[in-house]
Amino acid sequence: MRLHELNKLKTKSKKRLGRGLGSGKGKTAGRGSKGQKARGKIPATFTGTPALFKKLPLRRGKGNPKIPAKVIPLSLSKLNEFRENVTVDMQKLIDQGIIKAKDVRRGVKVVAGGEVSKALILELAVSKEARQQIEKRGGKVR
């Protein structure tokens with residue numbers, strides 16, 4: 001058996017870098033000399049601009065709950081635009097132009113600001129004092 005008659009190995013072991021000058025891949029280990037690429041690793045996602053999470057605002061607290069929007073107060077005097085014994089709900093307030101459609105998400109609460117002069121049926125959140133005034137006029141709160 002001679003050296004050239006041996007079967008070739010299926011996998012050749014890879015060249016180990018930085019193992020002495022005589023190894024062929026010593027000293028700079030195939031990285032050239034100096035510069036950013038010769039030193040540490042550059043992340044694959046490196047673009048030179050701030051990372052996406054750095055551009056976003058800081059969100060604090062566990063789970064980052066959004067600060068709930070406050071309910072829109074609606075004074076009783078605004079309800080005088082409606083006719084007697086009409087059912088007043090969110091949609092009627094939007095149609096009448098008293099509130100905006102986007103405010104429905106925040107919610108509306110009727111508060112005792114001014115006087116109501118008619119008996120109305122309300123399907124809205126109402127404060128205690130506003131409820132008393134509505135019921136005193138013969139209206140209802142559902």
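A few points about this structure:
- Residue match in region 77-92 (condition: surrounded by 15 or more Cβ atoms within 10 Å (Cβ to Cβ), in contact with a strand residue (DSSP E or B) (Cβ under 9 Å, 6 or more places away or on another chain), modelled with pLDDT under 85 and more than 30 Å from GLY18 (Cβ to Cβ)): no
- Criterion: without any contact (Cβ under 8 Å) to a residue 40 or more places away in the chain and over 30 Å from LYS118 (Cβ atoms) - qualifying residue of ASN80, ASN7: ASN7
- Residues that are more than 30 Å from VAL126 (Cβ to Cβ) and of a type outside the set (D, E, K, R) are absent from region 96-110.
- Test: ILE67 is surrounded by 14 or more Cβ atoms within 10 Å (Cβ to Cβ), out of contact with any strand residue (DSSP E or B) (no Cβ under 8 Å at 6 or more places or on another chain) and among the hydrophobic types (A, V, I, L, M, F, W, C): no
- Taking every residue in region 50-75 that is within 30 Å of GLY114 (Cβ to Cβ) and pairing it with any residue that is surrounded by 10 or more Cβ atoms within 10 Å (Cβ to Cβ) and among the acidic types (Asp, Glu), at least 6 positions away or on another chain, the pairs with Cβ-Cβ distances below 8 Å are ILE72/ASP103.
- Of all residues in region 30-87, those satisfying the criterion of being assigned to a loop (DSSP other than H, G, I, E, B) and closer than 19 Å to LYS100 by Cα are PRO68, ALA69, LYS70, VAL71, PHE82.
The values are calculated or read from the model by the stated rules, or taken from the named source; none is laboratory data. As the structure is a computational prediction, the values presented were derived from the model and not from experiment. Please note: Cβ atoms are built from the backbone with ideal geometry, for glycine as well, and neighbour counts cover all protein chains shown.
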